[in-house]
1. Looking at the range 358-373, can you tell me whether even one residue there is within 15 Å of ALA475 (Cβ to Cβ), surrounded by fewer than 24 Cβ atoms within 10 Å (Cβ to Cβ) and touching a strand residue (DSSP E or B) at 6+ places or on another chain (Cβ under 9 Å)?
2. VAL298 is checked against (1) part of a strand (DSSP E or B); (2) modelled with pLDDT under 95; (3) not aromatic (Phe, Trp, Tyr) and fails just one. What number does that condition carry?
3. Out of GLU285, GLU264, which single residue is touching a residue at least 60 places away in the same chain (Cβ under 8 Å), of a type in the set (D, E, K, R) and closer than 24 Å to LEU156 by Cα?
4. Of (1) at pLDDT 95 or above; (2) assigned to a helix (DSSP H, G or I); (3) of a type in the set (A, V, I, L, M, F, W, C), ILE226 satisfies all except one. Which?
5. Restricting to the range 331-390, what's the tally of residues that are farther than 25 Å from ILE109 by Cβ, touching a Lys or Arg at 6+ places or on another chain (Cβ under 8 Å) and not in a helix (DSSP H, G or I)?
6. Only one of (1) surrounded by 21 or more Cβ atoms within 10 Å (Cβ to Cβ); (2) over 19 Å from TYR470 (Cα atoms) is not met by PHE385, so which one is it?
7. Identify all residues within the range 112-146 that are closer than 28 Å to SER403 by Cβ and part of a loop (DSSP other than H, G, I, E, B); write none if there are none.
8. Among what's in the range 111-140 and is among the acidic types (Asp, Glu) and crowded, with 17+ Cβ neighbours inside 10 Å, pick the residue that is nearest to LEU317 (Cα to Cα).
Amino acid sequence: MRLQSRRRNLHTLSVAVLAASAFSTATAAGIPHQGRDVTPADCHGNVFPVLGWLRDSVVQLVFGRPARRLPAKGVTPAAALPDQYRDSIVVRFNITNPEEGKTLSKVVIELSADVWAVTPEFVDIRVRNLNKVGLNKFLRLLPSSLRQPTVLIPDLAAAVANTFPCQSANSFTADSPPTPTDSVVPNRLDGVSDLFFREYQPLAVIDRWMRLLESMFPTIVNLTTIGKSYEGRDIIGLRVGERAADTPGPRKTILITGGLHGREWISTSTVAYLLWSVITTHGHEQMITKLLQHFDIVFVPVLNPDGYEYTWQTDRLWRKSRQKTKWESCSGLDLDRAFGYGWEPSNDATPCSEGYGGDEPFQAVEAMQLAKWAKKEVETNNVKFIGFLDLHSYSQQVLYPYSYSCAVDPPNLENLEELAVGLAKAIRLSNGEPYSIASACEGAVARANNASSSVPRVEAAGGSAIDWFYHELKARYSYQIKLRDTGSYGFLLPKEQIIPSGEEMLNALKYFGDFLLGNNGIEKLTSQSGPLKEHAHIDLKRRSRKR
């Protein structure tokens, strides 16, 4: 009976997920979008307008017909968004010595440059207002060794356009439904996940989708509200686990977040993919079932809903929140520089800087809401945070505390490094993508020759979420994972890479869970299914460790 009930749930969910999938995304989010800058081959065939109609119909059946809202005053239609990037490129500077890093850091601060990625080897920067004059002005301020950067993205406008969902010219709406056919409902549940994750999804669709998941799996899924954003949007998460609330003992919890930075769409989609995969494989895959018997996992796909919404409506490359600052012309705070541990005021960064974290710790509303929620969970709900995975993009790195300084090592450094190696290997075994491992403090030449060096960082370091959860809430295994890719697309990762990125992180999550359960890597399971089937056993050398 239980299996039959579960099958009914999965069948119903297949329709529900179609309801939330955004093949008519512009309609669902109230965003007009034309596909003129999108390759026609990327658009869907005739069956997908039917799915769009079905989605709208089921969503309205469950939640009622949503109110139709006009775009806010001053909001740019999505179709016009790429136009503002016609005069921008992304370039890479290879850093070879501390002096180069010091100079580049000063120029970044002086010009409030948009830093895309920082590693010990390179720094990627978006150069605006190109027209050759903008780039030349930037390069003149640099030493001769840095005046020939590599151009990573020469046509930024096209890359931006290709991240938005395309809409067929023959799309139907709920007001003009076609006649459904047998081909509408897929035969396999995997097909449903492919539909939802074939495109990036707007905030409204993600919120409805999460509420649908809670309604379809009430025995293991509970919606939790983290708080309200600066502009009043709900920050929601889903707690997934078998453990009853009144079970004695601490409620061991893993927190997985995405979307701290609005433009990092792949982080939001990957958290959603993990959420979907964990829920739908529970009871079928031994590793996931065992993990949920011992741990709760809280998934928060969009921690910065204001910034994420802004990237869909106005500026695809917006990074920060939308909170007002002391400078009227410069809005937004960097949420990953706003937490209290290791936070330091910057004498150089201004509110116009992409890395501006505020004038005091927890000035950013969303960072404060997450911290208050987490403390309340610990103090009143008997929660013990064991692990924290904060997903970002890009550069394919697994980073561990501390971010604020290289001069201080975390007490369980050896365990953090060991697990980081395992996570990177699990990712590589999934799709072959290499991830590097480092302390989060090791930005471009931040360390120089020793930990006490005072060489300026290209990017701010203090106030990181992983430092706060690790130190303040004792989440012993806290990581920031920077997802695909290594610079070819940067924050504008094509939608075709959503599922591969999700598969990689699902592999890593299974390894993470098995490590926390006391094993050395992923168990060799006879009933393993899904992306790990070929590589169920990871042959890391077994070592005793204290947890």
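The values are calculated or read from the model by the stated rules, or taken from the named source; none is laboratory data. What you see is a predicted model; the values in this text were computed from it and never measured. Here the Cβ is made from the backbone with ideal geometry for all residues, glycine too, and neighbour counts use every protein chain on show. To get the accessible areas, we keep the full protein, side chains included, count just its heavy atoms, and leave off ligands, DNA and RNA. Shrake-Rupley method; radii C 1.70, N 1.55, O 1.52, S 1.80 Å.
1. For the range 358-373, residues within 15 Å of ALA475 (Cβ to Cβ), surrounded by fewer than 24 Cβ atoms within 10 Å (Cβ to Cβ) and touching a strand residue (DSSP E or B) at 6+ places or on another chain (Cβ under 9 Å): present.
2. (2)
3. Result: GLU264 is the single residue among GLU285, GLU264 that is touching a residue at least 60 places away in the same chain (Cβ under 8 Å), of a type in the set (D, E, K, R) and closer than 24 Å to LEU156 by Cα.
4. The number of the failed condition is (2).
5. Of the residues in that region, 7 qualify.
6. Status for PHE385: all satisfied but (2).
7. The answer is SER112, ALA113, THR119, PRO120, GLU121, ARG128, LEU141, LEU142, PRO143.
8. ASP114
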